[in-house]
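Here the structure comes first, spelled out in C-alpha cells, and everything after it is commentary.
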Amino acid sequence: MPIYVVGSVQRSGADWDYLVTRINPNGTLDTSFGFGGARYIPFDQPGSDRGDFAYRLVIDSGLPGLTFDTLYVAGNVHRSCKDGIGVAAISDDGNDLVGFGTNGRIVHGGSSESGTICAQDASLAIGDLVRNGNELAMAGTMQGPDQGGTLRVDGGLLRVDATNGSQRGLARLPFVVVGTPVGDGRLRGISHDRMGRYLVTGDLSNVPFGLGSLYVSAAVAPSDRIFANGFDRSVSLP
C-alpha cells in the first residue's frame, strides 16, 4: 500500500506549486510516480504572485487491478483579486484526471477582476476536505462583504462535483446571535454522515459580550444555512 504525501515546493521567490509524492512501504521514494516520484502542480493564476499551497488530500480508491485511484489535492491559490481554493485531481500514476476542470484543476473564490468589482469578491481559504459520494466538500474561511456589504470573516462550505469540478454550492456560515452575525469564524474540519449532511468544526474569535475565543461545531446540509441559533455547540477556549 503506497503512501502519498502532499505539500508545496518553492520554485523561485513567491512562486510555489503543489507537490505530491508517493512513498513505498519501505520508506523509499516511488520513482514510477509522476516524474521521478514527484508531481508538481502549478495553478499560476494570471496577475498573481503564483503562490499555490497544498494542504489537504483525499484518495478515492479504485478496484485493485481494474481501476486507478484518484487523488484530490486541495489548498490555497493566490489570485490577482483576493485568493481562492484550488483542487487538483490526478490518477495514481501522477497524470491529470481527464474531465476535471481544466487540466485536472479548478479554482473557486477570488477572481482576476479589479477595482470595485474586486471589492465585491470574497477570498476563500481551505480548512479541510472530504469526499461524499460524487461530491467534494470543503470547510474553510470566507473573507469579504456579506449581502449587506459588511466586511466579514466567516466559515464557509464549498461543494463541487467530484467528476468535473463544477461548483454545486458555496454557503457562508456565520455565527449568529439573536439573528445577527458576530465574531470572526474559521472552519478547520469537516466530516459527513452519508445522508447529505456535513459536520463542520472550527473556532470563533473577536466575539462580543466578553466571551473571548470559542470552539464551535455545526451540523449543516446543502439546503440549510446552519442549524439552530448559529452553531449547535460552542465552548470557551482557555
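Side notes on the structure shown:
- A simple count of charges around Gly37, restricted to other residues whose Cβ falls under 10 Å of its Cβ and scoring Lys, Arg +1 and Asp, Glu -1, yields +1.
- Choice from Gly202, Gly13, Gly110 with maximal GNM fluctuation in the chain (Cα, 10 Å cutoff): Gly13
- Thr150 versus Asn134: modelled label distance in nm, points set 7 Å from Cα along the beta carbon direction: 4.0
- Farthest toward the positive end of the dipole of segment 40-132, out of Val77, Gly47, Ser123, is the Cα of Ser123, where the dipole comes from beta carbon charges about the Cα centre.
- For Arg188, the shell of other residues with beta-carbons less than 14 Å away shows a net charge of -2, using +1 for Lys and Arg and -1 for Asp and Glu.
- GNM flexibility winner over the chain from Ile23, Ile41, Ile190 (Cα, springs under 10 Å): Ile23
- According to the calculation over all Cα-Cα pairs in segment 50-131, the P(r) per 5 Å bin from zero is 3, 16, 21, 21, 16, 11, 7, 4, 2, 1, 0 %.
- Mean shadow area of the chain over all directions, Cα convex hull, nm²: 15.1
- Counted charge near Ser205, where neighbours are those whose Cβ lies closer than 11 Å (Asp, Glu -1; Lys, Arg +1): -1
- Peptides 72-82, 43-53, ordered by how many other C-beta atoms sit within 10 Å of their residues on average, highest first, read 72-82, 43-53.
- Ligands, DNA and RNA are left out, and with a 1.4 angstrom probe the accessible area of the chain is 48 Å² per residue.
- The chain: relative contact order as a whole-number percent, Cα under 8 Å and 6+ apart: 10
- Cβ charges +1 (Lys, Arg) and -1 (Asp, Glu), total dipole of the chain, debye: 380
- Per residue of the chain, the DSSP helices (runs of n ≥ 4 H) give a summed -39500 (n - 2.57) that works out to -500 deg cm²/dmol at 222 nm.
- Placing unit charges on the Cβ atoms only, positive for Lys and Arg and negative for Asp and Glu, gives segment 88-167 a dipole magnitude near 140 debye about its Cα centre.
- Diffusion coefficient, µm² s⁻¹, Stokes-Einstein with Kirkwood Rh over alpha-carbon pairs of segment 1-117 at 37 °C and 0.692 mPa s: 221
- Whole-Å distance, taken between Cα centres, linking segment 145-165 and segment 111-142: 5
The values are calculated or read from the model by the stated rules, or taken from the named source; none is laboratory data. Quantities reported herein were computed from a predicted structural model and do not represent experimental measurements. Note that we place each Cβ from the backbone using ideal geometry, even for glycine, and neighbour counts take in every protein chain shown. In case anyone asks, the SASA skips ligands and DNA or RNA and just uses the protein heavy atoms, side chains included. Shrake-Rupley method; radii C 1.70, N 1.55, O 1.52, S 1.80 Å.
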